[in-house]
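Please treat every number below as a calculation from the coordinates, not as lab data. Nothing here was measured: the structure is a model prediction, and the numbers come from that model. No Cβ is skipped: glycine too gets one built from the backbone with ideal geometry, and neighbour counts run over all protein chains shown.
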Amino acid sequence: MIVVLKRETTKEEQRELIERIESMGLRVKDASSEKRCVLGIIGDETKVDITHLQAYRIVEKVIKVQNPFKLASRAFQAENSIIEVDGHKIGGGNLTIIGGPCSVESEDQIITIAKAVKKAGAHILRGGAFKPRTSPYSFQGLGVEGLKLLRKAKQETGLPIITEAMSTEEFDVVEEYSDIIQIGARNMQNFALLKKAGKASKPICLKRGMSATIEELLMSAERIMAEGNADVILCERGIRTFETYTRNTLDLAAVSAVKELSHLPIIVDPSHGTGKWEMVEPMSKAAVAVGADGLIIEVHNDPERALSDGQQSLKPAKFAHLVKTVGKIHAIV
């Protein structure tokens, strides 16, 4: 529920109304902007009699939010959210390029790639320290040692780090070493992990589950935001369909849908979305053309010997070409 207040409302009158609503066992989020004074009511709305709210002199109108997600809703916040990470702004018309290997394998590997993606124009370095692999026999990542190597790469290049937290047990150490914490597709509805992410001090990159609807993605974002962390970046990384030629089916319509439904920034992962390195650039161009706020792309200096996802990783030279190409498209869009 959204309560729009009249422009002449004083801070004292607004505070009194908030206290009245909170006395009903509800939470109030101030979503005011320069254009309008807005309060978002969060909780069991059956406790609120709309006619009582409308009776307040300072209330202009009361709007019921039809979507089950409230804080993530465009109705709740009309302006696009902009999330700042080490001086770089994600969302709000900016194009964010994230590049790096699927997994951190060694100090030489991650620093070499970090320098290459920085030179190509990347804003953020990706790299997995904890890996949710389908097979228990596949490389599972270097764990904390991988996080330490990511920190070394940041010291060498200045690039902020995005890496995945797979469980609540390792979440704190991932938060300590990273600048953005990724919640992977397999954990999109790991509610204990989402609750933990909601209490974090770092932005969260939430990947869409492989069988999740757009509403389910936004509801998972809502769980994070309801715990207090409003810095959520959504990521479309492909969904599972009957098609087997590509690893997943990259749903670029989701970008347009999210832009209509939510104020949160959304980036696209064409590497996982296709599973084929030769398709990464075409789908990256398409993603930018439909309005994606950024791209997260796997880059490896020796993909033939990569310990994970080499078949969908770009070599540094191809990544550099991609960055230039999508930059031109973004300028036009």
Could you tell me the calculated FRET efficiency between Glu79 and Glu216, based on Cβ-Cβ distance and R0 = 22 angstrom, to the nearest 0.05? 0.35
Determine which residues of the range 261-276 fall in the zone a paramagnetic label at Lys89 would reach in this model, i.e. backbone nitrogen under 20 Å from the point 7 Å along Cα→Cβ. 262-268
Please check: in the Gaussian network model of the chain (C-alpha springs, under 10 Å), which one of Arg247, Arg208, Arg237 has the largest mean-square fluctuation. Arg247
Would you mind listing how long the range 1-156 runs along its three principal axes, going by Cα atoms, in whole Å with the largest first? 66, 35, 25
Over what distance in Å are the Cα centres of the range 239-284 and the range 81-143 separated? 18 Å
Could you tell me which GluC sites (Glu not before Pro) in the range 207-264 are loop residues by DSSP with no more than 16 other beta carbons within 10 angstrom of their beta carbon? Glu227, Glu243
Among Pro203, Pro265, Pro132, whose mean-square fluctuation peaks in a Gaussian network model of the chain (Cα, cutoff 10 Å)? Pro132
Quick one: net charge around Lys29, please, counting Lys, Arg +1 and Asp, Glu -1 for every other residue with C-beta under 13 Å from its C-beta. -2
Placing +1 at every Lys and Arg Cβ and -1 at every Asp and Glu Cβ, with all other atoms neutral, what dipole size does the range 2-63 have around its Cα centre, in debye to the nearest 20? 200 debye
Suppose R0 equals 25 Å; then what is the FRET efficiency for Ser33 and Ser256 from their Cβ-Cβ distance, rounded to the nearest 0.05? 0.60
Sequence of Phe76, Phe139 once ranked by neighbouring C-beta atoms within 10 Å, starting from the fewest: Phe139, Phe76
Cα convex hull of the range 151-224: how many Å³ per residue? 84 Å³
GNM on the chain, C-alpha springs below 10 Å: top fluctuator among Leu314, Leu150, Leu53? Leu53
Which GluC sites (Glu not before Pro) in the range 93-154 pass both tests, a DSSP loop state and at most 11 other beta-carbon atoms within 10 Å? none
So how do Ser271, Ser103 line up by other beta-carbon neighbours within 10 Å, fewest first? Ser103, Ser271
How much length would be gained if the chain were fully extended between Glu156 and Val333, taking 0.36 nm per residue of separation minus their Cα-Cα distance, in nm to one decimal? 60.4 nm
Filtering trypsin sites (Lys or Arg not before Pro) in the range 1-59 by DSSP loop and by at most 16 other Cβ atoms within 10 Å leaves Lys6, Arg7, Lys35, Arg36, Arg57
Computed log₁₀ I(q)/I(0) - Debye formula, equal Cα scatterers, no solvent, the chain, q 0.08 Å⁻¹: -0.40
Which three extents, in angstrom, do the Cα atoms of the range 192-319 have along their principal axes, listed largest first? 43, 27, 26
Apply 1/(1 + (r/R0)^6) to the Cβ-Cβ distance of Lys47 and Thr249, taking R0 = 45 Å, and write down the FRET efficiency to the nearest 0.05. 0.60
Taking Lys and Arg as +1 and Asp and Glu as -1, residues besides Gln54 with C-beta under 11 Å from its C-beta add up to 0
Descending semi-axes in Å of the range 74-225, equivalent ellipsoid built from Cα gyration tensor: 25, 20, 13
